[in-house]
Amino acid sequence: MYLDKSDEKVLAGEFGETRRKMMEILVALGEVYEAESFIPITSAQVSGASYKTIGKWGLAWLQSLDARVAVPTVLNPIGMPRDTWREFGIRDEFAHNQTQVIEAYRRLGIRLECTCTPYYLNITEYGNHLAWSESSAVAYANSVLGARTNREGGPSALAAAIIGKTPYYGLHIVTNRRPQVVVEVEGGTGPRADHWGAIGHIAGKKVGNRIPLLEGIRPNRDQLKALGAAMAATGAVALFHVEGITPEARVFSFKTDGLERVTVTGDEVEALFEETDVEAVAVGCPHCSADELRELADLLRGKMTTKPFYIFAARGVAERNSDLVAAIERSGARVIPDTCMVVSPRMDEFASIMVDSGKALAYVPGMCGALARIGTRKECVEVATG
Ligand code: F3S
């Protein structure tokens with residue numbers, strides 16, 4: 001792998017031990033994937049931010065680092081809202097440990113926007129090279145924005161943030177971004193037929209880690225977000241194309257002759273929806289957009305919640321839409337920034353949770369130890385207020 005003179009000095013430890021270690025991580029990664037060089041990045045998004053997922057060893061590693069990030073960098077959701085953790089039901093000991101994680105990241109110069117939707121904060125655009133690590137954010141950046149990032153682990157995203165470069169391989173290279181499988185979505189007729197999280201949940205299982213081209217659908221941006229997040233969770237999809245919709249599917253005319261074709265049927269989608277009792281309802285996986293907050297405010301108008309109803313969104317999005325947050329919270333529902341239904345220990349206290357997300361449906365059982373039920377956003381509101 002080609003290193004320029006300044007890379008070599010970093011690797012020799014001339015710019016400190018932390019930068020040396022970070023360069024070592026990137027060089028090792030580049031060698032594994034046979035990268036010939038580095039590519040400069042414009043931003044990074046670092047996962048491994050919740051104390052629930054990194055624990056005391058992760059915290060100790062972060063506290064041992066001494067450097068500043070070289071590019072704008074944000075965090076994945078942490079385990080609690082930064083300021084209202086007590087009201088959210090987080091225990092003192094967890095809050096203490098989580099606060100130390102946040103402080104360790106703050107010292108590295110990372111913006112304390114803790115979200116899986118950093119694209120709502122306008123830190124990337126078409127063609128940018130990135131080092132992002134949260135799987136749904138990676139799928140959105142590659143597919144919906146046409147930016148370029150591999151699915152980084154937390155340490156490799158942090159290393160790239162500190163060095164300002166990442167190994168040039170995988171999805172950074174245009175020729176690796178062609179579709180590898182075609183997905184036909186057979187629309188059903190019921191009210192759940194266009195539930196994009198459910199469609200993605202099924203499609204991800206069928207395509208695995210390949211790059212799919214989806215045909216016969218016209219999702220909007222929020223729906224693409226739900227679709228990609230679910231495919232990234234049940235498969236390992238880091239890039240997908242939608243015929244006539246996503247930027248690269250419009251720019252390049254992909255040849256699909258000879259590719260395997262798989263189908264997502266309306267019956268498969270409908271079969272995901274089981275009507276069981278739940279203790280709590282959670283939406284915002286990935287974090288809600290302003291339009292999704294508006295839809296929830298409309299659905300909740302004149303209603304009161306009868307069970308805990310949590311709506312997760314990026315702090316910046318919630319602050320810019322404080323009127324919608326106030327309208328939602330008049331119902332008793334809570335809009336929670338910085339964290340989410342999967343990485344917060346608060347959600348571990350429920351035995352069953354209703355979600356509107358194909359990704360959360362896949363992750364809640366393993367990460368929270370709870371039964372998960374999926375519904376449309378309207379159904380989630382009905383159950384939360386019924
Ligand atoms: Fe985001 Fe948490 Fe879902 S990180 S994509 S809300 S599991």
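The values are calculated or read from the model by the stated rules, or taken from the named source; none is laboratory data. Fair warning: this is a prediction, and the values are worked out from it, not measured in the lab. Positions of Cβ are generated from backbone atoms using ideal geometry, with glycine treated the same way; all protein chains shown enter the neighbour counts.
Assess whether Ile41 counts as being surrounded by fewer than 20 Cβ atoms within 10 Å (Cβ to Cβ), modelled with pLDDT of 95 or more and of a type outside the set (S, T, N, Q). Here the answer is no, as Ile41 does not meet what is asked.
Taken over segment 334-352, the residue count meeting the criterion of being of a type in the set (A, V, I, L, M, F, W, C) and touching a helix residue (DSSP H, G or I) at 6+ places or on another chain (Cβ under 6 Å) is 5. Consider segment 214-223 and keep the residues that are surrounded by fewer than 23 Cβ atoms within 10 Å (Cβ to Cβ) and in contact (Cβ under 8 Å) with a residue 12 or more places away in the chain. The one that is nearest to the ligand (Cβ to nearest atom) is Asp222. Taken over segment 167-224, residues that are of a type outside the set (S, T, N, Q), part of a helix (DSSP H, G or I) and within 22 Å of the chain's Cα centre (by Cα) amount to 19. When you check Thr115 against the structure, is it among the β-branched types (Val, Ile, Thr), modelled with pLDDT of 95 or more and away from the ligand (no atom under 16 Å from the Cβ), yes or no? No, not satisfied. So, of the residues in segment 347-369 that are buried (at least 24 other Cβ atoms within 10 Å of the Cβ) and of a type in the set (D, E, K, R), which turns out to be nearest to the ligand (Cβ to nearest atom)? For segment 347-369, the residue satisfying everything is Lys359.
Restricting to segment 265-296, and then to whatever is surrounded by 24 or more Cβ atoms within 10 Å (Cβ to Cβ) and within 29 Å of Val182 (Cα to Cα), can you tell me which residue is farthest from the ligand (Cβ to nearest atom)? Out of the qualifying residues, it is Val269. Of the residues making up segment 144-157, those that are touching a helix residue (DSSP H, G or I) at 6+ places or on another chain (Cβ under 8 Å) and either assigned to a helix (DSSP H, G or I) or aliphatic (A, V, I, L, M) (or both) are Val144, Leu145, Ala147, Gly154, Pro155, Ser156.
Table: residues versus (1) away from the ligand (no atom under 16 Å from the Cβ); (2) aromatic (Phe, Trp, Tyr).
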{"site": "Leu62", "(1), (2)": "yes, no"}
{"site": "Leu65", "(1), (2)": "yes, no"}
{"site": "Asp83", "(1), (2)": "yes, no"}
{"site": "Phe88", "(1), (2)": "no, yes"}
{"site": "Thr99", "(1), (2)": "yes, no"}
{"site": "His129", "(1), (2)": "yes, no"}
{"site": "Thr149", "(1), (2)": "no, no"}
{"site": "Lys165", "(1), (2)": "yes, no"}
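Do we find that Thr385 is more than 14 Å from the ligand (Cβ to nearest atom) and surrounded by fewer than 19 Cβ atoms within 10 Å (Cβ to Cβ) in this structure? No: the conditions fail for Thr385. Whenever a residue of segment 59-79 is more than 19 Å from Thr18 (Cβ to Cβ), its partners that are within 16 Å of the ligand (Cβ to nearest atom) and assigned to a strand (DSSP E or B), lying with C-beta atoms within less than 7 angstrom and at least six residues away or across chains, give the pairs Val74/Gln45; Val74/Glu113; Asn76/Gln45; Asn76/Val46; Asn76/Cys114; Pro77/Cys114; Ile78/Cys114. Only one entry of Ala160, Ala141 meets the criterion of being of a type in the set (Gly, Ala, Ser), more than 16 Å from the chain's Cα centre (by Cα) and assigned to a helix (DSSP H, G or I), and that entry is Ala160. If you filter segment 193-212 down to residues that are crowded, with 24+ Cβ neighbours inside 10 Å and closer than 17 Å to Ala141 by Cα, you find that the one that is nearest to the ligand (Cβ to nearest atom) is Gly200.
With surrounded by fewer than 17 Cβ atoms within 10 Å (Cβ to Cβ), polar (S, T, N, Q) and modelled with pLDDT of 95 or more as the only criterion, which of Asn176, Asn150 stands out? Break it down stepwise before answering.
Working: Asn150 fails: surrounded by fewer than 17 Cβ atoms within 10 Å (Cβ to Cβ).
Step by step, each of Asn176, Asn150 is checked, and only Asn176 is surrounded by fewer than 17 Cβ atoms within 10 Å (Cβ to Cβ), polar (S, T, N, Q) and modelled with pLDDT of 95 or more.
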